[in-house]
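**Student:** Questions regarding the structure given below will be posed in turn.
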Amino acid sequence: MLHKLSKTFRLCCTLVAATCLFCLSATECMAQKPGTFEAGKGPFLLNGKPFVVKAAELHYPRIPRPYWEHRIQMCKALGMNTVCLYVFWNFHEQKEGQYDFTGNADVAEFCRLVQKNGMYVIVRPGPYVCAEWEMGGLPWWLLKKKDIRLRESDPYFMERVRLFEREVGKQLAPLTIQNGGPIIMVQVENEYGSYGKDKKYVSEIRDIIRESGFDKVALFQCDWNSNFEQNALDDLTWTMNFGTGANIDQQFRRLGELRPDAPKMCSEFWSGWFDKWGARHETRPAKDMVDGMDEMLSKGISFSLYMTHGGTSFGHWAGANSPGFAPDVTSYDYDAPINEYGHATPKYHELRKMMQKYSDKKLPAIPKAPMPIITVPKFELKEYAPLMYANKGLCTDGSHEDLTFEAHNLGWGFATYYNTLPEVPSEGILTLNGVHDYAQVWINGKYIGKIDRVKNEKNLTIPPTKAGAKIIILLEAMGRINFGRAIKDFKGITGKVTIKANAKGHDLTYTLNNWEQYYVDDRYETALQALKKASSTEKNEYTTYFKEDARIMEGRGYYRGYFNLKKVGDTFLNFETWGKGQVWVNGHAMGRIWSIGPQQTLYVPGCWLKKGENEIIVLDIAGPKETVVWGQDVPELNKLQIEMPPTHRKKGETLDLSQEKPVMTGTLESGNGLKFVKFDKPVTGRYFCIEALNSHWNREYCCIAEIYLRDADGKSIPRDSWTVSYADDEDVVTGNKNGTKAFDQQESTYWSTNKGVPFPHHLVIDLQKEQTITGFHLIPRMEEGAPEAIKDFRIFVKSSPFKM
Ligand code: GLA
């Protein structure tokens, strides 16, 4: 049987573990006998015997290294036999050509720890990983080559991938099962089907992985059941990704048709979901997760539970989602069975009970957390340095017209842009095209307002000004987009800055050129330098030159304080009185904060604290209400400090279709999976409206998981720039189910109306430009918990906005 590893193997593990207790690091206590792992006829085969993979997804950069082994043991106590991990390229090669596999980046040591604990490893070395991680794991410096084609056979991209994977091979190839290590499988690329259709590129990545030393170990590809055929390579194992509540048989139906003998594996079974700034904390019912896994195990289906423990996207590593720009919060709790700080949740206990059924041995005891939880009384951060004191000096190393970070060799941080205005005779509109990601504007010392990419903002109204008025823009870059085509996410101001005004009946447009630009990186050392300059009693260039600007941008800067500890432990520092920025504790980059929530506390691991004095620095670019912090014993991950998450129906608005003629009236079939609808003849327009007249199960909701439109050639129209111009109703109370979820490229999130709001329901999508549409395909809600499928519908397409 699968879980019955040979006695010798078990004995060997015990001996190895025992030795390790005394002196050796996991590094030295390795070396098992070489083995094999392969896809058999039906199941996977481990050393020739059937094996069901029960994998726990863990991300080593999201767990402080001193806690690695505890988290691995927590997975073991859950009944898992494998750990699945991504290798995060940009974490290892932060500067081009400089590889780091030490400290928290020592992925080989992480794998050895897994082996030491008698488990196997699945490695997913990208190059792209998604994972709600900055740029999906790709290094920002790739963007210095402006025309680079990411995740395609671009020669420079492929060359850098080859070099990186070679380094990964040096670290991990000796650890494959064939070499006596724990690695049983290696993934090629990641869900390429949700990016494109390019078998040539995917084959090249497969070859690179093989050449890097993974030539004997089993290779696989993961995708969604709706798109895996697009890039499926004949010589790789195919696995499916889907979330809790999904219909398991349906998910494997197509695979079963194509490869009836192949092992079945859900390579990402989503236990929960990730959180975004400005939207509610995501949760998924424990029961759906446990039932799904129970069903899979009862059918001998392998899985990896994504995430079993999510951890934290420390520092600037949290990514952002698209379409639109939806930056992820710092916590990657994921509503996973093991919470952000490594404790067992009720979900964990339910899951463990179920997993016990599939183990012939009693599961190991749940290990004790390495540190207690402590609180810290409220304290004040009294020291302050304006952000400007940290700038690297005037940027002259790039073109003056290029306002992106990458053109100035900066990956992460902040910028200030200075210019003088022409005469603006009347009230005007200032347009900042492509603010990536959050800009604040001052004119002649007066605060004008902010432009927030999350809200798709671009314009500010400015007062009439005389020629020569001074404009200052302070900009913060957040994490780069990690999903879809938008991963090519330059930071800074990526387009033109213009002013439109009216002079005696004539419209004037000015483009502002020749900016003076300053950049500030987000390193701890930079914060220290600024604080040092501010505390210096001597006059220096900063205190004199930037004095006026520091006054104008009052409150935007670094704050330092200290707290004393008698006893060290994990804690949750609360920042709800602060604006927006980043935090360092004892030099460790803890992550981003933003008053809008839902996350209001940052997890501070005790292993990075010490007895006595601890230092905290907060960089706030919006300005705090109160400069106080305290440590509490529970996290706050669900406190939005905005009135309501955004919806798409303005007060008093009701869509009026009385004068409109539908381009189609029809009925969608019941059940899961893609539904195809073809129009009688092509139609053109920019605004697409679906009117749902009723539903199949009368469950008092209207839901769409994904909707795609087809162009004249029958291909899907790119959805990256789509916006919702109207949704009659959106449930933002029980979850984040607004209209954008119908085209967010994630099948497991969906648009839903609130329970009990009567049909008909309407969703109007702005395609941003005129398109020829020949039909659509739609995925109803696929999960079992709160599903609903539209039955009768009407479609309207127009070139101008619909009447309200
Ligand atoms: C996909 C990706 C993962 C992660 C999840 C959502 O499955 O492969 O990296 O982004 O979505 O959490």
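**Student:** Among the candidates PHE91, PHE101, single out the residue that is open to solvent by 10 Å² or more (accessible area, probe 1.4 Å) and either under 20 Å from MET158 (Cα atoms) or out of contact with any helix residue (DSSP H, G or I) (no Cβ under 7 Å at 6 or more places or on another chain) (or both).
**Tutor:** None of the other options fit; the residue is PHE91.
Here is a yes/no grid of residues against (1) in contact (Cβ under 8 Å) with a residue 40 or more places away in the chain; (2) more than 16 Å from the ligand (Cβ to nearest atom); (3) open to solvent by less than 40 Å² (accessible area, probe 1.4 Å):
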| position | (1), (2), (3) |
| --- | --- |
| SER721 | yes, yes, no |
| ALA727 | yes, yes, yes |
| ASN738 | yes, yes, yes |
| LYS741 | no, no, yes |
| GLN745 | yes, no, yes |
| TYR750 | yes, no, yes |
| HIS761 | yes, yes, yes |
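**Student:** Considering each of TYR708, TYR701, TYR726 in turn, give the residue that is farther than 29 Å from GLU457 by Cα and either touching a strand residue (DSSP E or B) at 6+ places or on another chain (Cβ under 7 Å) or assigned to a strand (DSSP E or B) (or both).
**Tutor:** After ruling out the rest, the residue left standing is TYR701.
**Student:** Condition test on LYS532, is it in a loop (DSSP other than H, G, I, E, B) and either out of contact with any His (no Cβ under 9 Å at 6 or more places or on another chain) or of a type outside the set (A, V, I, L, M) (or both)?
**Tutor:** In short, no.
**Student:** Let me ask something else. Got a sec? Which strands (runs of 3 or more DSSP E) wholly within segment 401-519 have at least 3 residues that are touching a residue at least 40 places away in the same chain (Cβ under 8 Å) and either farther than 30 Å from PHE274 by Cβ or in contact with a His (Cβ under 7 Å, 6 or more places away or on another chain) (or both)?
**Tutor:** 414-420, 428-432, 470-476, 497-503
**Student:** It is to be established whether one or more residues within segment 364-382 are over 32 Å from the mean Cα position of the chain (by Cα) and open to solvent by less than 20 Å² (accessible area, probe 1.4 Å).
**Tutor:** No, the conditions are met nowhere in segment 364-382.
**Student:** For segment 200-220, name all the residues that are open to solvent by 10 Å² or more (accessible area, probe 1.4 Å) and in contact with an Asp or Glu (Cβ under 7 Å, 6 or more places away or on another chain).
**Tutor:** SER212, ALA218, listed by residue number.
**Student:** May I pose another question? Please count how many residues of segment 683-698 are surrounded by 15 or more Cβ atoms within 10 Å (Cβ to Cβ), at pLDDT 90 or above and part of a strand (DSSP E or B).
**Tutor:** Residues in segment 683-698 being surrounded by 15 or more Cβ atoms within 10 Å (Cβ to Cβ), at pLDDT 90 or above and part of a strand (DSSP E or B): 9 in total.
**Student:** Give the residue, chosen from GLU257, GLU268, that is over 13 Å from the mean Cα position of the chain (by Cα) and assigned to a helix (DSSP H, G or I).
**Tutor:** The match here is GLU257.
**Student:** On to the next question. In segment 284-315, which residue that is within 15 Å of the ligand (Cβ to nearest atom) and assigned to a loop (DSSP other than H, G, I, E, B) is most open to solvent (accessible area, probe 1.4 Å)?
**Tutor:** That would be ARG284.
**Student:** Additional query: Just to be sure I understand the filter: pairs with C-beta atoms under 6 Å, separated by 6 or more residues or on different chains, first member in segment 324-339 and on the phi > 0 side of the Ramachandran plot and within 13 Å of the ligand (Cβ to nearest atom), second member of a type in the set (Ser, Thr, Tyr) and open to solvent by 10 Å² or more (accessible area, probe 1.4 Å). Which pairs pass?
**Tutor:** Correct list of pairs: ASP335/THR283.
**Student:** It is to be established whether one or more residues within segment 316-323 are in a loop (DSSP other than H, G, I, E, B), within 16 Å of the ligand (Cβ to nearest atom) and either β-branched (Val, Ile, Thr) or within 21 Å of PHE572 (Cβ to Cβ) (or both).
**Tutor:** Within segment 316-323, one or more residues are in a loop (DSSP other than H, G, I, E, B), within 16 Å of the ligand (Cβ to nearest atom) and either β-branched (Val, Ile, Thr) or within 21 Å of PHE572 (Cβ to Cβ) (or both).
**Student:** Select, from GLY181, GLY196, GLY137, GLY126, the only residue that is open to solvent by 10 Å² or more (accessible area, probe 1.4 Å) and small (Gly, Ala, Ser).
**Tutor:** Matching residue, one of GLY181, GLY196, GLY137, GLY126: GLY196.
**Student:** Which of the residues belonging to segment 228-244 are open to solvent by less than 20 Å² (accessible area, probe 1.4 Å), in contact with a helix residue (DSSP H, G or I) (Cβ under 8 Å, 6 or more places away or on another chain) and of a type outside the set (A, V, I, L, M, F, W, C)?
**Tutor:** ASN231, THR244
**Student:** I'd like to verify a number: residues in segment 491-541 that are open to solvent by 30 Å² or more (accessible area, probe 1.4 Å) and aromatic (Phe, Trp, Tyr), how many?
**Tutor:** The total comes to 2.
**Student:** If you take the residues in segment 326-363 that are assigned to a loop (DSSP other than H, G, I, E, B), open to solvent by less than 10 Å² (accessible area, probe 1.4 Å) and of a type in the set (A, V, I, L, M, F, W, C), which one is nearest to GLY272 (Cα to Cα)?
**Tutor:** So the residue we want is ALA336.
**Student:** Scanning for something more than 16 Å from the ligand (Cβ to nearest atom) and closer than 24 Å to LYS368 by Cβ, does segment 121-135 turn up at least one residue?
**Tutor:** Looking for residues that are more than 16 Å from the ligand (Cβ to nearest atom) and closer than 24 Å to LYS368 by Cβ, one finds none in segment 121-135, hence no.
**Student:** Could you please find all residues in segment 183-202 being of a type in the set (Gly, Ala, Ser) and part of a helix (DSSP H, G or I)?
**Tutor:** GLY193, SER194
**Student:** Next up: Which members of segment 598-634 meet the condition of being open to solvent by 40 Å² or more (accessible area, probe 1.4 Å), within 26 Å of GLU282 (Cα to Cα) and part of a loop (DSSP other than H, G, I, E, B)?
**Tutor:** Correct list: ASP633, VAL634.
**Student:** Hey, another quick one. Return yes or no: is ARG592 at pLDDT 95 or above, touching a helix residue (DSSP H, G or I) at 6+ places or on another chain (Cβ under 8 Å), of a type in the set (D, E, K, R) and outside any helix (DSSP H, G or I)?
**Tutor:** no
**Student:** Check VAL53, VAL107, VAL83 and return the single one that is open to solvent by less than 20 Å² (accessible area, probe 1.4 Å), within 16 Å of the ligand (Cβ to nearest atom) and either at pLDDT below 95 or within 32 Å of the chain's Cα centre (by Cα) (or both).
**Tutor:** Residue meeting the stated conditions: VAL83.
**Student:** Quick check on segment 403-454: of everything there that is of a type in the set (Ser, Thr, Tyr) and under 16 Å from ARG556 (Cα atoms), which residue is surrounded by the fewest Cβ atoms within 10 Å (Cβ to Cβ)?
**Tutor:** Per the stated criteria, the residue is TYR447.
**Student:** To continue, here is another question. Specify the residue that is nearest to the ligand (Cβ to nearest atom); the eligible residues are those in segment 232-273 that are over 27 Å from ILE209 (Cβ atoms) and among the β-branched types (Val, Ile, Thr).
**Tutor:** THR244
**Student:** Select from segment 203-231 the residues that are within 16 Å of the ligand (Cβ to nearest atom) and either acidic (Asp, Glu) or in a loop (DSSP other than H, G, I, E, B) (or both) and write down the one among them that is farthest from ASN179 (Cα to Cα).
**Tutor:** Among those that are within 16 Å of the ligand (Cβ to nearest atom) and either acidic (Asp, Glu) or in a loop (DSSP other than H, G, I, E, B) (or both), it is SER226.
**Student:** Moving on to the next point. Tell me yes or no: at least one residue of segment 174-182 is under 29 Å from PHE405 (Cα atoms) and assigned to a helix (DSSP H, G or I).
**Tutor:** no
**Student:** Moving on. Hey, SER194 hits all of (1) free of Cβ contacts under 8 Å to residues at least 60 places away in the same chain; (2) farther than 13 Å from SER267 by Cα; (3) in contact with a strand residue (DSSP E or B) (Cβ under 8 Å, 6 or more places away or on another chain) but one; which does it fall short on?
**Tutor:** All conditions are met except number (1).
The values are calculated or read from the model by the stated rules, or taken from the named source; none is laboratory data. Keep in mind that what you see is a predicted model, and the values were worked out from it rather than measured. Because the Cβ atoms are built from the backbone with ideal geometry, glycine has one as well, and the counts that use them run over all protein chains shown. Each accessible area value is taken on the protein alone, full model and side chains, heavy atoms only, with ligands, DNA and RNA left out. Shrake-Rupley method; radii C 1.70, N 1.55, O 1.52, S 1.80 Å.
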